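Beneath this line is the structure, given in structure tokens, with notes to follow.
The values are calculated or read from the model by the stated rules, or taken from the named source; none is laboratory data. What you see is a predicted model; the values in this text were computed from it and never measured. So basically every Cβ, Gly included, is an ideal-geometry build from the backbone, and we count neighbours across all protein chains shown.
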Amino acid sequence: MKFRTRVRLALSDPCESPRQSGPLMLGLVFGIATWVVLTGFTRGATYTLQQRISGSLPNRVRVSKSKTNFGPLQLGGGMKEDTVAACKAIPGVEQVYRQAHFPGPCQLSASQGGHTLTTDMILEGVDPGQVQAQVAPGRVFEDCNGTLVPSVMPQAVLDVLNAGISAHTDMPNISPQALIGNEFRLRVGASSFVRGPSTNITGQVVGISDQLGVNGPAVPLAWVQRNAKHPVEYHTLTLQLAPGANLESVLRGVSSLHLAAPDLDMARKVGQAAALGQLLAASFAGAILLLAGVSIASSFNLKVQLERLDIGLYRSLGATRRDIAWIYMIRASSLGLQGAFWGLLVGLMVGNTLAALILSRLPASFSYGISLFQPSLSSLLTATLFAPLVAVAAAWPPARRAAALEPAQILRAGN
């Protein structure tokens, strides 16, 4: 029997119509859709968390002094130029950007949407190259002698402000675009708890960056060094890796200097949790597909019983046992492919809809530029292949039983 004839006989079964086969492949659709939704959200949430922890710019590693705890005491300290030079000497490190606190109290006052915010804060100083890629077009982030000091706001602070203050007061959510160009007042040298001589300066927001961690607004490091009354030590160094650099080799060099990369360690823990989440998602979806397979096997067993006379007729007309088995395998493959197609379609629609609903309820600054639902191509291909495999595996035992039937016994029993 030619393959085309096998296909025609297999798909001519009335039960292969969408109306009839729909209930049978419902389990496949539900299992595949569940797999797509769960893996898509796991991957999207993992990517978002890692980006918020490590920053969105590639090939960068933030390092700081390794800390030692003795009960309530924590020993660590800052870093100086000798540490910067040692980091530059690590093979694979292309550039080192410095970050330091202004050594003194500081108070910020700003207005937004008719609301005024006054708070004590830590003023950061950073090398311009660390945040230059995230400075708004047409804006400049460099040291100047004027009274208007360019500053970059940390993305993490904006997230905390919107998720905390704005969510529990009548203050509106603040979007990154709305902050660009806004000015604020800085009282340097005094705060709510420290009285004394102070200097009032005006800062202007020129960018929003996820390279600063959870700190206050950042100004050019040269400005901090020029205005500080005490020597400045660096609390964080950001290593820009050269193209093709070996990350593990760089980390060994960092460790030899008694430095640590806490953001990278946290990102790795997030990755490990994501791997566990993927495993749980696969297990849950696999359990649904297993139940779908049992249903398919039961249905095909019933098909074989109802089609015994047809099988006997095909065999008496020259069909081989392999031909009979192929007919049922083609039916199962068709069922699995339909289940995969509809499962992917439903999963993508549900995942994107849920992600849009979730993001619409999050602060605008937190949801800006992220996607919570990010199914990978490999997970979609796995789903596409797995549904037909489940259907074929479930239909194989009934197909073998159908192929083993003897035509003479079938026709004699039918008479």
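Considered as a group, the residues in segment 69-102 that are modelled with pLDDT under 85 and at negative phi include one that is surrounded by the fewest Cβ atoms within 10 Å (Cβ to Cβ), and that residue is P72. The set of residues from segment 306-340 being of a type in the set (S, T, Y), more than 26 Å from W35 (Cβ to Cβ) and part of a helix (DSSP H, G or I) comprises Y314, S316.
Scanning segment 381-398 for residues that are at pLDDT 85 or above and crowded, with 19+ Cβ neighbours inside 10 Å gives F386, A387, P388, V390, A391, V392, A394, A395, P398.
Looking across segment 133-143, the residues that are surrounded by fewer than 16 Cβ atoms within 10 Å (Cβ to Cβ) and of a type outside the set (D, E) come down to A133, P137, G138, R139, V140.
Counting only residues that are assigned to a helix (DSSP H, G or I) and modelled with pLDDT of 85 or more, segment 361-378 holds 2 of them.
Scanning segment 316-335 for residues being of a type in the set (V, I, T) and under 15 Å from L389 (Cβ atoms) gives a total of 1. Would a scan of segment 120-135 turn up a residue that is without any contact (Cβ under 8 Å) to a residue 12 or more places away in the chain and within 33 Å of the chain's Cα centre (by Cα)? Yes, there is a match, as at least one residue in segment 120-135 is without any contact (Cβ under 8 Å) to a residue 12 or more places away in the chain and within 33 Å of the chain's Cα centre (by Cα). Taking the listed residues L257, L241, the one that is under 27 Å from the mean Cα position of the chain (by Cα), surrounded by fewer than 20 Cβ atoms within 10 Å (Cβ to Cβ), more than 28 Å from E183 (Cα to Cα) and of a type outside the set (G, A, S) is L241, with no other qualifying.
Conditions tested, residue by residue: (1) at pLDDT 85 or above; (2) within 22 Å of T48 (Cβ to Cβ).
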position	(1), (2)
R268	no, yes
L279	yes, yes
L289	yes, no
K303	no, no
I311	no, no
D323	no, no
